[in-house]
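The values are calculated or read from the model by the stated rules, or taken from the named source; none is laboratory data. All figures in this text were calculated on a predicted structure; none of them were measured in a lab. For neighbour counting, all protein chains shown are included, and Cβ atoms are generated from backbone atoms with ideal geometry for every residue, glycine included.
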Amino acid sequence: MRFLVLLALLAFVFVGCAGIELPPAKKILAPWSGTSPVQLGESKDSVRGKWGEPDEIELLGADEVGLIKEAWVYRGRYSDIPVDYKYLSKTKRLIFTGDSLTAYEGGEQE
């Protein structure tokens, strides 16, 4: 009886694996890295929710109307990998004016 159960399980595994399709790299990397794209105009809370706390915050002074400007620095974590999804391999600087993301530096934004 155990032999038949084992045989059925093996047949299921081998036949069931034949039609597996791998998801695209973006779908694999996004949940693994814990990052999402950020957009200009997003709030600090929104960016913090997507990328977490920055590694460093640089105070840049105030703009012409008195809003505080700061740069949030997210350091690349895996410099050896050839793909850069958000800040996996390249350091990114997100520039905030007041509570809004107004610019970014350090690579193409997706």
### Task
From (1) of a type in the set (D, E, K, R); (2) at pLDDT below 95; (3) loosely packed, with under 15 Cβ neighbours inside 10 Å, pick out the condition that doesn't hold for Asp84.
(3)
### Query
Tell me, which residue of segment 39-54 that is under 18 Å from Arg77 (Cα atoms) and in contact (Cβ under 8 Å) with a residue 12 or more places away in the chain is surrounded by the fewest Cβ atoms within 10 Å (Cβ to Cβ)?
Gly52
### Message
Looking at segment 63-83, I want the residues that are more than 17 Å from Gly52 (Cα to Cα) and among the acidic types (Asp, Glu) and have a partner that is modelled with pLDDT of 85 or more and surrounded by 13 or more Cβ atoms within 10 Å (Cβ to Cβ) with Cβ atoms under 6 Å, at least 6 apart or on another chain. Which pairs are those?
### Response
Asp63/Lys69; Asp63/Thr97
### Test for Gly98: is it farther than 18 Å from Val38 by Cα, modelled with pLDDT of 90 or more and of a type in the set (Gly, Ala, Ser)
no
#### Entry: Residue, surrounded by the fewest Cβ atoms within 10 Å (Cβ to Cβ), within segment 55-81, restricted to residues that are within 20 Å of Pro37 (Cα to Cα), modelled with pLDDT under 90 and touching a strand residue (DSSP E or B) at 6+ places or on another chain (Cβ under 9 Å)
Arg75
### Task
Considering only residues that are under 15 Å from the mean Cα position of the chain (by Cα) and more than 21 Å from Lys90 (Cβ to Cβ), look in segment 42-54 and name the one that is modelled with the lowest pLDDT.
Gly49
